[in-house]
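The next block holds one structure in the form of structure tokens; read it before the comments.
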Amino acid sequence: MTLPKEMLNFIAALIEKSVGIQYAEENYYQLEKRVVEVSVALGMQNPEALFHSLREGRDQKALSAVLDAATNNETSFFRDISMFDAFASDLLGNPDFLGNKQDYVRVWSAAGSTGQEAYSLAMLLRQWQLQKPNRNYEILVTDYSERVLKQARDGRYSELEVHRGLTDEQLKKCFEKDPGDAKVWTIRPELKRQMNFRQVNLLEDWSGLGSFHVIFCRNVLIYQNVENKKKVISRLYNSIQPGGYLVLGAAETLIGLAENFEIRRLGRAVYYQKVAKI
Ligand SMILES: C[S@@+](CC[C@H](N)C(=O)[O-])C[C@H]1O[C@@H](n2cnc3c(N)ncnc32)[C@H](O)[C@@H]1O
């Protein structure tokens, strides 16, 4: 390691305080690599200059770049397919899901990264919508990172990205080749129409987003400490409609973190239902 440990300690603490992501000391080599990359990208003389700028606390651009670089944005279309099978058959396919005469679904892809999770949901919701007139939906996609949100908003994916999770049929039906770049696939406009994109830090206030029938908040809490997990989950609870659902990553659980959700096993997926208040 070339950067002094005190500098890495400071940067790790700043990242944890801002977005909750924790760097254990054994991963400082990774942190250092990212700090070096950010300092080069920002045209700084050396990584020490980036540290000084972060310590002074006046360079918002430097802070955003470091927080952005600290995030893991791994995602793919229909990641953990059982979660999407459950969404399509047990929720959208269940006439009682929305209650009497309601035909409007609101879904939030919280920490949605580059948008594959949200567009997978959009493909299912679009099919559901086409089955009956008057059906409608809205998908909110949020992430802390503006960089990944931009890609989500643009709906543009490489060959590699579209071939992670999409069948050829889905690709043809839902995407078109970018006229300016034959190696890029762009989501068709009809799938993007009901989507909104916003930068949201899950550790900060997100009031004003309204309430949702289903929140997908997958593979992000895994990086947070228990206190943050509990805080975020209790606020997610308040953002879910009575009877609505929270969906976590395949390796995540609410056990020990919240008691006000009922566990529902839907096929091979686990969904957490907010018990309806009477
Ligand atoms: C591993 S990706 C998960 C993407 C998608 N949910 C999935 O499961 O495929 C984690 C995402 O969480 C975002 N993230 C990390 N900390 C966050 C925070 N405090 N608030 C909002 N987003 C955060 C990262 O920018 C990253 O895009």
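Checking the structure you have, find out if any residue of segment 176-185 is assigned to a strand (DSSP E or B) and of a type in the set (Lys, Arg).
From segment 176-185, those assigned to a strand (DSSP E or B) are 176-178, 181-185; that's our starting set.
With the extra rule that they be of a type in the set (Lys, Arg), the set shrinks to 177, 183.
Checked segment 176-185: at least one residue is assigned to a strand (DSSP E or B) and of a type in the set (Lys, Arg).
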Reported set for segment 127-180 where residues are charged (D, E, K, R), free of Cβ contacts under 8 Å to residues at least 40 places away in the same chain and open to solvent by less than 60 Å² (accessible area, probe 1.4 Å) is Arg135, Asp154, Asp178
Which of the residues spanning segment 118-155 are more than 16 Å from the ligand (Cβ to nearest atom), outside any helix (DSSP H, G or I) and either polar (S, T, N, Q) or touching a His at 6+ places or on another chain (Cβ under 6 Å) (or both)? Gln131, Asn134, Asn136
How many residues does segment 248-259 contain that are loosely packed, with under 13 Cβ neighbours inside 10 Å and in contact with a helix residue (DSSP H, G or I) (Cβ under 9 Å, 6 or more places away or on another chain)? 2
Segment 11-35 - residue that is surrounded by fewer than 16 Cβ atoms within 10 Å (Cβ to Cβ) and in a helix (DSSP H, G or I) and, of those, nearest to the ligand (Cβ to nearest atom): Lys17
Selection within segment 208-221 - more than 8 Å from the ligand (Cβ to nearest atom) and either under 21 Å from Tyr104 (Cα atoms) or among the β-branched types (Val, Ile, Thr) (or both): Gly208, Leu209, Gly210, Ser211, Phe212, His213, Val214, Ile215
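Across segment 265-274, which residue is nearest to Tyr237 (Cα to Cα) among those that are part of a strand (DSSP E or B) and in contact (Cβ under 8 Å) with a residue 40 or more places away in the chain?
As a first pass, look at segment 265-274 and keep what is part of a strand (DSSP E or B): 265-266, 269-274.
Then keep just the ones that are in contact (Cβ under 8 Å) with a residue 40 or more places away in the chain; that gives 266, 269, 271.
On the way: Leu266: 20, Ala269: 19, Tyr271: 13 Å.
Applying the filter and picking the extreme gives Tyr271.
Please pick out the residue among Val19, Val35 that is of a type in the set (Val, Ile, Thr), closer than 18 Å to Ile222 by Cβ and at pLDDT 95 or above. So that I can check it myself, show each step before the final result.
On the way: Val35 fails: closer than 18 Å to Ile222 by Cβ.
Selected residue: Val19, the only one of Val19, Val35 that is of a type in the set (Val, Ile, Thr), closer than 18 Å to Ile222 by Cβ and at pLDDT 95 or above.
The values are calculated or read from the model by the stated rules, or taken from the named source; none is laboratory data. Computed from a prediction, not measured in an experiment: that's the story for all the values here. Ideal geometry is used to build each Cβ from the backbone, glycine not excepted, and the neighbour counts take in all protein chains shown. Ligands, DNA and RNA are excluded from the accessible area calculation, which covers all protein heavy atoms including side chains. Shrake-Rupley method; radii C 1.70, N 1.55, O 1.52, S 1.80 Å.
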